[in-house]
Amino acid sequence: MWFPVSLNLKKPVNSKFTQQELPACKPILSPGWVITTFAFIGLIFIPVGLASLFASQRVVEIVDRYDVACVPEHLQDDKLAYIQNSTVDKTCTRKLKVPRLMRSPIFIYYELENFYQNHRRYVKSRSDKQLRSREGESDTESCSPEAKTSNGSVIVPCGLIAWSMFNDTYGFSINSKVLDVNKKDIAWNSDKYHKFGSDVYPKNFQSGPFIGGGKLNSSIPLSEQEDLIVWMRTAALPTFRKLYGKIEVDLEPNEEIMVTIHNNYNTYSFGGKKRLVLSTTSWIGGKNDFLGMAYLTFGGLSLLIAATFILIHLIRPRSLGDPSYLSWNKNPAGYSN
Amino acid sequence: MAFVRPLLDPSPRPPPVPGSLPPPSADLPRPIAEPPIGSDLSQNPFDSSSRLSNASARLRVDYNSGDRVLFPEPGSADSFRRVSGSRTAVRHGSGAESDRFGVASLREISDEDARFVYIGDPARTNERFQFTGNSIRTGKYSVFTFIPRNLFEQFHRVAYIYFLIIAILNQLPSSPSSDGYEDWRRHRADRIENNRTAYVLSDGEFRPKLWKDVRVGEIIRVRSNESLPCDMVLLSTSDPTGVAYVQTINLDGESNLKTRYAKQETLSKVPEKDPVTGVIRCEQPNRNIYGFHANMDIQGKKVSLGASNIVLRGCEIKNTAWVVGVAVYAGRETKVMLNSSGAPSKRSRLETHMNRETMLLAFILVAMCSIVSIFAGIWLRNHKDELDYSPYFRKKDFSEKEEENYNYDGIGAEVAYRFLMSIIVFQIMIPISLYISMELVRLGQAYLMIQDRNLFDETTNSRLQCRALNINEDLGQIKYVFSDKTGTLTQNKMEFQCASISGVDYQAEMDPLSADHADCSVRVGDQFWRPKMRVNVNTDLVKLLRSGHGREERKYVYDFFLALSACNTINSKLIDYQGESPDEQALVYAAAAYGFVLVERTSGHIVVDILGNRQRFDILGLHEFDSDRKRMSVIVGCPDKTVKLFVKGADNSMLGVLEESLDLDVVQATKNHLHAYSSLGLRTLVVGIRELTGGEFHEWKSSYERASTTLFGRSKALRLVASNVESHLHILGASGIEDKLQDGVPEAIESLREAGIKVWVLTGDKQETAISIGFSCKLLTTNMDQIVINSHSKEACRRSLEDAMAMSRKHLQMVHDAGRISLALIIDGTSLVHILENELEEELFKVATACDVVLCCRVSRTEDMTLAIGDGANDVSMIQMADVGIGISGQEGRQAVMASDFAMGQFRFLVPLLLVHGHWNYQRMSYMIVYNFYRNAVFVFVLFWYILYTGFSLSTAITEWSSVLYSIIYTALPTIVVGILDKDLSRKTLLKYPQLYGAGQREEGYNLNVFLLTMVDTIWQSAAIYFIPYLAYRNSTVDGSSIGNIWTLGVVILVNVHLAMDLFRWTWISHVVIWGCIVATWICVIVIDSSLSCPASALFWLCLLGILVVGMIPRFALKSFRGYFFPSDIRIGRELEKAGGYYEAVAGSIEMRPVVGAGGARS
């Protein structure tokens, strides 16, 4: 590459920029700075870690895996036959004990394990255009193999994600008194108002020979089908929870909750697990000790590094900016290679 | 050096025209009708540099023939073997060989090597060989060769191979399209050029013909201001003496007009009426624009043609109404086209190393793709039974009547698809954008270098020119500097300092304004003219000349100065002396100052104003300087009818031909003076005289005529004639000329040496002169051990080399004991030739590389970074072949500058250029490369970790948009700004401690260890970025895009903070760019996702903070520990800057240590 030969032989401009003399801060990692930085990190991280650990400990969480337990004894050997047989009653009752006081709101989640909602095939099998408005109804190219029915009419909502919608239902009661489950506002507002159209109604949904999951009421627009909206926001990881609803009363310790589950969703075909989760929440979210532990660990490590630095500094001090440390001064023969 | 541009300079002497010669004296033989051919091509007779240049030229030939090419010179090696029928190399663009031009044209060309051009008979000319037509093609590609050749061009960079694969995978056209456009434009320009009109003789008149149809052998007429369509031999011109002026600015950049001649035999012919018939036998097409040799058979006479008889395509005819010539080379065989390939493009050392790491990254990439695809295969096999109906995979498609597989072709095919797809996903592992950033950074660096006021030369009003843009960083890694001496270290302004005349030493006085000085003016008409150059004179000598009539020494002094004004090839134009050699100029000016003013010179006579008395001398014969004789001579017919032979030459060649028996004392005294002069660093010449008797003259004349008509071996015959007559000389005296050093050269060389750069000066001076100059410019110091090799036989050379080896070994051992004594190797041209002829190069290299200073020797090693600096055309090949070539834009034309990568005004600028800009550029570029590798790898590793959690299905953690914007918006600008502006140390510190330059020489900024360490850090950082959010959000309701945003922001913030941490200087620009990039990323992420309700959570912020701290801890800790406990020189330098004047004030003695230490190390 050739640079155009500069023939205008003017004296270069005398500015701080062209002479590379812009005023600048030139920080050096002096021991003071290093020790202060590590000590500071340690002093911030340890309290934060403790706080989040404490918050996480305060969260009360009930987890109940029911996918195996809800299959009747005699069908345990062939769960797939059980779930695919529409004549068998899928209702199942579970009893959960409240360990500690659970303050409302209590969030109800279903948790699926070994379900790759982040699989490339799956993630792509949807049509955002179709979901957003009626005009995009025929935009189903990305939805195969659930784009059209066998007679060629468009499926709304199309794609594997919608087709595989979770359809177990839960009912709760304490001492035969039914607990109300609030299923409103479980989806993100941005999704409800911007991504799912109020003029889009389900059409030809689950009409194929192979039913993947839940069905939709074709008289309610998609923007109000919150279960679908929640389901369509695909999870990042193969084990995930999704919000089912909220219980808006406090639950007392040692109360026994009776859960009536309609065990419709087929996870048996791929070895998936289903759990029901009841959980309170805190400023840090759900129950997760990791962040607190991580902050404590690295806060401690920082303090340790700071201490080590101080120690070595005391044992082998070096005065900064001493020219005798220059390599050619330390080792006279060495500099000429 | 001046003497190497003989051909293209205006040669003021017109060719001999019989009528214009002075009427011969009655008792003298007629002057020779034709002076030696090519005598207009004045060689500097006395610049002994040619000695060395010749040796070095031979050296290069040896290397080529021995298949040991020191600097591979692409493309030129074979052309140059083809050109040189004999072992004398023709180096294009340079060449100091004595028998190159005029004499070379007399060389026989064997039939198989020659091309025959039948004048005016293109059909016959092209009968035997189909010579190339005159159409040209500068476009690199044709329709058929575009794709393969373009690919070949692109594949110079390993990354482009990879890029090609990516392009195929993406089915996207890539950079060839722009290349294709460029080429199309070139084709269009060629078409215009090819369709220009020339006037070609056919059927007795000149008719228009398109350039592309012009054929070799045709006779063409070109008018004033027209361009020449091809290379042609002049037949006649509008000037009756056959002179034509051409402008060669397109060829060599020189704007002055050059003179060309038509041969006498043809210039009177009018081609329209009197068709010229004849055959030209000329050499095969070659790149040498300064040389041409051919013979022309015309009307039974054999006429030799030289470079002064040919006009080249690309030049324009000026000041000449028309010229007629015969085409000898056409189209792509013309010299301009053969040269148009340009200088070999250079690639910086860093970039070469970068290719190695690119390969490594490619290997990592393939490994990652393999892991993903193999695990995908295993996963598919393990889940084989479930996939048909599993909701997230759904292998079966029910939309058709038949149940069939949807988008699934079996595990094998799936693995293959995954592999290819993963290459696309991970492609930014190889940072293609780095190449673009590097170009931008180099552009910025070049701008700052050009703008540096310390590199601005006030005297010539010129600033640094960056002609090559891709080797900025090489300036920081130089280990060897090869410097030309004359004109580069010295000013190339020769000054006559002292003379020894018949054994008496006359030193010029220092005061140039002595009263006598004004007396050397010459009356021309009514005007008094005075020589332009002032010369210091010796008053005694002036007195002697003016008033010492009758004294015996006056005769010698008289002859001495007459010899100085007569025996040269200088031409005088209003007493402004123009000549090839500054030495000769100095001598003629000196003679003028003493009252011997050369007023006029033609080929037949000279007019000298001797002490106010104008006299005319006939030049009866002239023997050019050549490198074998190392002297020149003229035979002068004096007004008193005597014939005198004046000879001047290098002392060792002259002392052999003196008649020592005649004046033993004088010779001895002169020898002593010579030794004294050269010890002072002066360039010395010896002048001798012999009066020829009539018989001797006739004998010489007949042998000269015989020799000059010899067909074969003419140059040798002429040389023999010259040697015969140049014998039994009386010594007249010797002169000492000073070539002053440029400003700041000693300090510059000292700085470079302290910086650990080995400086080799190439000079052709006498050994004593070279050594004394070496001392004066601090190249040599008294506490160095010198190894001097000046043996004149093979055996002696071998022995002295062995001694030298032993000595250098001894020194190497001493390194371990005590401080090391520096070694200097001084070797003279003869020994060099002996050594190279006897295959002792290996030994020589061993010795030479062990030495700190090598004087007078032109060898190099390829594995170390070399820099060549020179100012003349003879330095061109050295400049082109060194890793970095620097041209001094001085008085000497522009060839060196044209061939150079950087051009500047003064040698001393080398110090700021290397120690300051080179150091900065190297630090910046090396950091930038490592950083770019890291930056892209971090991103790819984050993607990789996520893929492990998606059933190896290549879902991406970060949206496709962010992937695209990552290296364009999110992280691009900071690295470019840092690459242009960051400075590890200030200019002052770098100049104060030249040893800091060692960082680049030792490749501290970028090497395999740095790369590997960075890669380990990369893996840690990517793990922090991925796993902190992963573990924090495990078993939660988090969705793909929310956690994806955390990963995106995490990568970008970490990568930018990483850069911020490594930044040396925080200017407002760095702040704007780094924080600006993070803000811009944030905005982009919000826009892309269009819903950010989740990020507001505390978990989100804690994750980001955790990523930042956990990611940076290892690097920060390592950096702190290393900087404090194992500080690099650069770190200490920075602390020194920070401490400011503290150490200078308090610990002055310590502060002195670098200098003392360096000296101590050497003494």
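The values are calculated or read from the model by the stated rules, or taken from the named source; none is laboratory data. This is a predicted model, so every value here is computed, not measured. All Cβ positions, glycine included, derive from the backbone under ideal geometry; neighbour counts span all protein chains shown.
Odds and ends about this structure:
Yes/no per residue for (1) over 20 Å from B:Leu587 (Cβ atoms); (2) in a loop (DSSP other than H, G, I, E, B); (3) in contact with a Leu (Cβ under 7 Å, 6 or more places away or on another chain):
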{"position": "B:Glu600", "(1), (2), (3)": "no, no, no"}
{"position": "B:Ile606", "(1), (2), (3)": "no, no, yes"}
{"position": "B:Ile619", "(1), (2), (3)": "no, no, no"}
{"position": "B:Ala669", "(1), (2), (3)": "yes, no, no"}
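- Identity of the residue in segment A:40-50, crowded, with 16+ Cβ neighbours inside 10 Å and either out of contact with any Ser or Thr (no Cβ under 7 Å at 6 or more places or on another chain) or without any contact (Cβ under 8 Å) to a residue 60 or more places away in the chain (or both), that ends up nearest to the other protein chains (Cβ to nearest Cβ): A:Val48
- Looking at segment A:60-151, the strands (runs of 3 or more DSSP E) lying wholly inside it that each contain 1 or more residues that are surrounded by 14 or more Cβ atoms within 10 Å (Cβ to Cβ) and among the acidic types (Asp, Glu) sit at A:61-65, A:106-113.
- Note on segment A:275-293: among residues that are in a helix (DSSP H, G or I) and in contact with a helix residue (DSSP H, G or I) (Cβ under 6 Å, 6 or more places away or on another chain), the one that is nearest to B:Cys1103 (Cα to Cα) is A:Leu291.
- Checking each residue of segment B:1027-1035 against the condition of being surrounded by fewer than 24 Cβ atoms within 10 Å (Cβ to Cβ), of a type outside the set (S, T, N, Q), within 11 Å of another protein chain (Cβ to nearest Cβ) and not in a helix (DSSP H, G or I) gives at least one match.
- Filtered by the rule that a residue be farther than 20 Å from B:Leu965 by Cα and within 51 Å of the chain's Cα centre (by Cα), segment B:1019-1059 gives B:Ile1019, B:Trp1020, B:Gln1021, B:Ala1023, B:Ala1024.
- Test for B:Val1072: is it within 46 Å of the chain's Cα centre (by Cα), within 14 Å of chain A (Cβ to nearest Cβ) and of a type in the set (A, V, I, L, M): yes
- Sole exception among (1) within 17 Å of A:Ala235 (Cα to Cα); (2) out of contact with any Ser or Thr (no Cβ under 8 Å at 6 or more places or on another chain); (3) of a type in the set (Gly, Ala, Ser) for A:Gly159, by number: (2)
- Of the residues making up segment A:120-140, those that are within 13 Å of chain B (Cβ to nearest Cβ) and among the acidic types (Asp, Glu) number 1.
Results for (1) over 23 Å from B:Asn382 (Cβ atoms); (2) touching a strand residue (DSSP E or B) at 6+ places or on another chain (Cβ under 6 Å); (3) within 14 Å of another protein chain (Cβ to nearest Cβ), shown as yes or no for each residue.
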| residue | (1), (2), (3) |
| --- | --- |
| A:Asn85 | yes, no, no |
| A:Val88 | yes, no, no |
| A:Thr93 | yes, yes, no |
| A:Tyr110 | yes, yes, yes |
| A:Phe115 | no, no, yes |
| A:Asn118 | no, no, yes |
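- First in segment B:369-389 and buried (at least 19 other Cβ atoms within 10 Å of the Cβ), second anywhere and of a type in the set (Asp, Glu) and modelled with pLDDT under 95, Cβ under 8 Å, 6 or more apart: B:Ala376/B:Glu414; B:Leu380/B:Glu414
- Any pair with Cβ under 9 angstrom, 6 or more apart, that starts in segment B:1098-1127 at a residue that is more than 7 Å from every other protein chain (Cβ to nearest Cβ) and ends at one that is of a type in the set (Lys, Arg) and assigned to a helix (DSSP H, G or I): B:Arg1122/B:Arg1131
- For segment A:169-194, filtering for residues that are acidic (Asp, Glu) and either within 11 Å of chain B (Cβ to nearest Cβ) or touching a Leu at 6+ places or on another chain (Cβ under 9 Å) (or both) leaves 1.
- Residues being over 20 Å from B:Lys258 (Cβ atoms), within 28 Å of the chain's Cα centre (by Cα) and acidic (Asp, Glu) - total across segment B:277-331: 1
- When residues in segment A:258-274 are screened for being surrounded by fewer than 22 Cβ atoms within 10 Å (Cβ to Cβ) and part of a strand (DSSP E or B), 5 of them pass.
Quick grid of which residues meet (1) in a helix (DSSP H, G or I); (2) more than 50 Å from the chain's Cα centre (by Cα); (3) within 14 Å of another protein chain (Cβ to nearest Cβ):
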residue	(1), (2), (3)
B:Arg347	no, no, yes
B:Arg356	yes, no, no
B:Leu365	yes, no, no
B:Arg381	yes, yes, no
B:Glu386	no, yes, yes
B:Tyr389	no, yes, yes
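- Any hit, segment A:312-321, residues being in contact (Cβ under 8 Å) with a residue 40 or more places away in the chain, closer than 23 Å to B:Phe1125 by Cβ and touching an Asp or Glu at 6+ places or on another chain (Cβ under 9 Å): yes
- Answer residue from segment B:402-459, given it is over 26 Å from B:Ser373 (Cβ atoms), part of a loop (DSSP other than H, G, I, E, B) and of a type outside the set (A, V, I, L, M, F, W, C) and is nearest to the other protein chains (Cβ to nearest Cβ) among those: B:Gln451
- Long-range neighbours under 6 Å by Cβ, at least six apart or interchain, first residue not assigned by TED's automatic domain parsing to the domain that holds A:Leu301 within segment A:21-39, second modelled with pLDDT of 90 or more and surrounded by fewer than 18 Cβ atoms within 10 Å (Cβ to Cβ): A:Ala24/B:Trp1066; A:Cys25/B:Trp1066
- Filtered residue count, segment A:26-39, keeping only those that are facing chain B (nearest Cβ under 7 Å) and touching a helix residue (DSSP H, G or I) at 6+ places or on another chain (Cβ under 6 Å): 4
- Among residues of segment B:595-626, those that are free of Cβ contacts under 8 Å to residues at least 12 places away in the same chain and closer than 22 Å to B:Leu718 by Cβ, counted: 0
- Test: residue in segment A:14-25 that is aromatic (Phe, Trp, Tyr) and facing chain B (nearest Cβ under 10 Å): yes
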